[in-house]
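First comes the structure, then the notes that go with it.
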Amino acid sequence: MSTLKKEIIKAAMCPVEVIDPDTAAGRYRFPATFVGFSGHFPNYPVLPAFVQVMTALTVFEEWRGRPSRLASIEKAKFHIELRPDQEITVQCRQYVSKGKAMVEARLSVAEGLAASLSMKFEEP
């Protein structure tokens with residue numbers, strides 16, 4: 001397991017909660033010392049998009065109880081910069097689109113929707 005993945009797991013505020021059979025959510029708080037902030041950007045830390053994707057993957061894997069592999073990101077929109085010490089809720093919802101199993105992830109903070117992602121995962 002990568003250092004980044006371990007640090008994302010460590011930033012979890014609680015176990016992933018199953019909301020309904022197709023939806024689960026996790027809550028995270030990344031401290032200023034979080035490895036993902038290093039270099040992005042000096043004196044103005046912002047949570048990189050790839051960390052947001054990895055956090056959604058982490059929620060999905062914990063929810064399903066097994067490793068998964070990201071096959072593609074179909075859509076991604078980033079609305080609010082995520083900064084150190086914000087409480088971030090990551091909600092994942094499974095759905096089928098054009099015969100493909102997909103996961104919609106929504107990252108939210110107190111100010112509103114921070115990011116939305118439509119992703120396809122492959123089981124190992």
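The values are calculated or read from the model by the stated rules, or taken from the named source; none is laboratory data. All of these numbers come straight from a predicted model, not from anything done at the bench. We place every Cβ from the backbone using ideal geometry, glycine too, and count neighbours over all the protein chains shown. What goes into the accessible areas is simple: the full protein's heavy atoms, side chains included, and nothing from ligands, DNA or RNA. Shrake-Rupley method; radii C 1.70, N 1.55, O 1.52, S 1.80 Å.
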The local net charge around R83, scoring Lys/Arg +1 and Asp/Glu -1 for residues other than R83 whose Cβ lies under 12 Å from its Cβ, equals -3
Taking the chain as a Gaussian network, Cα atoms linked when under 10 Å apart, which of L57, L107, L47 shows the biggest mean-square fluctuation? L47
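How many percent of the accessible area of region 1-123 is carbon or sulfur, using a 1.4 Å probe? Could you put the intermediate results ahead of the total?
Working: 3600 of 6760 Å².
Looking at region 1-123 in its full context, I get 53 percent from C and S.
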Using Cα springs under 10 Å in a Gaussian network model of the chain, which residue among T89, T58, T33 shows the largest mean-square fluctuation? T33
For region 32-78: accessible area per residue (Å², 1.4 Å): 56 Å²
What FRET efficiency do you get for L113 and R69 if R0 is 25 Å and r is their Cβ-Cβ distance, rounded to the nearest 0.05? 0.45
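Please report the net charge: other residues with Cβ closer than 9 Å to the Cβ of A24, K and R +1, D and E -1. Write down the numbers at each step before the final one.
Details: positive: R64, R93; negative: E17, D20, D22, E62.
Spelling it out: positives minus negatives among the neighbours equals -2.
Counting only C-alpha contacts under 8 Å and six or more residues apart, can you give the relative contact order of the chain as a whole percent?
Details: 239 pairs, mean separation 32.0, N = 124.
This gives 26 percent for the chain.
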Residue-level accessible surface for Y28, protein heavy atoms, 1.4 Å, Å²: 0 Å²
Extension gain from L4 to H79, taking 0.36 nm per residue of separation minus the Cα-Cα distance: 24.7 nm
Using unit Cβ charges (K, R positive; D, E negative) and no other charged atoms, how large, in debye to the nearest 20, is the dipole of the chain about its Cα centre? 280 debye
Once Lys and Arg are counted +1 and Asp and Glu -1 for all other residues with Cβ under 10 Å from that of L47, the total becomes 0
